């Protein structure tokens, strides 16, 4: 896997809520300072980042000008936690063969994927998102994900995950389209030693816990190719190409979905961190067929 590292950028968050990027000529590490003294979130120490510097590479391109950009607002206009401080990451790794009909998002692809980090999240030399003590926010995805899934009332979540620990709590967020512990459209999580799904429909509630679906056990340090497919009245879960759960009690469409944040490794309010790695992710607004799931699993084995 390779990274494109064009013009680096210096990024500063000012207390008036502006993010300013200043392009720095040449390809080199740059330092940035982050400080937001006006933060009003009571459970986050907003001063710890002041006068602290990190050396990072920015892979976002821009002209050599200063570009002000407003901080994103949370759902329903609520102030979000402090901005994800990392630079956008763009990657062009290989992608596995698959019918892309209904594809909304994918990581490990031949098109640009922009991820903004916080904490110690990183993408390693093999293109794996390493999420212990950090998370990634997928930029410019949430609106399309919401719209397209509401159009079809179907969903497939495909991922290759590697837990660092067998037992985690929260549930710890692996892949989540949510805003806090009580509001989500879906969450693929790790609770105890099991992979779980919370899916929001008018029947399951705004938290998607009535019922929560247990998918399969997870093992530390092992690759798990997991796929969840849903269309009203039929939810299937697959582990390594094999059907492991089939439920007909999850019903309803997605008309009650709301604007949320699409994240890897933690909740938007940063209190459900997952320790592990994600090799690949694909989100579809259709229910994949079993043959497609098996094909994708075999391809993932060949690439390993």
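Read-outs throughout are calculated quantities, based only on the coordinates presented, and are distinct from any laboratory measurement. Worth saying up front: this structure is predicted, and the values here are computed from it rather than measured. Note that each Cβ is placed from the backbone with ideal geometry, even for glycine, and that neighbours are counted across all protein chains shown.
The residue 302 and residue 144 beta-carbon pair, evaluated with R₀ = 41 Å, returns a calculated FRET efficiency of approximately 0.85.
Starting from the Cα-Cα distance between residue 258 and residue 231, subtract it from 0.36 nm times their residue separation and give me the gain in nm to one decimal.
Working: separation 27, 0.36 × 27 = 9.72 nm, distance 1.84 nm.
Roughly 7.9 nm would be gained on extension.
Using equal-weight Cα scatterers in the Debye expression, the normalised intensity of region 103-303 in log10 at q = 0.10, 0.12 Å⁻¹ is -0.35, -0.52.
Tell me, in nm to one decimal, what length is gained between residue 133 and residue 243 on full extension, where the rule is 0.36 nm per residue of separation less the Cα-Cα distance? Write out the running numbers ahead of the final one.
On the way: separation 110, 0.36 × 110 = 39.60 nm, distance 3.18 nm.
Stretched fully, the residue 133-residue 243 segment lengthens by 36.4 nm.
Highest mean packing comes first when the peptides 114-121, 295-302, 211-218, 128-135 are listed by Cβ atoms within 10 Å, giving 128-135, 114-121, 211-218, 295-302. Packing-based ranking of 144-152, 166-174 yields 166-174, 144-152, ordered from highest to lowest mean Cβ neighbour count within 10 Å.
How many angstrom lie between the C-alpha centres of region 151-172 and region 235-281? About 5 Å separates the Cα centre of region 151-172 from the one of region 235-281.
Using Cβ contacts closer than 10 Å as the measure, can you line up 229, 258, 101 from fewest to most?
Details: 229 23, 258 15, 101 10.
Least crowded to most crowded, the residues run 101, 258, 229.
Label sites at residue 126 and residue 194, each approximated as a point 7 angstrom past Cα along Cα to Cβ, lie 2.8 nm apart. The stretch between residue 251 and residue 203 holds 16.7 nm of extra length on full extension. This uses 0.36 nm per residue minus the Cα-Cα distance.
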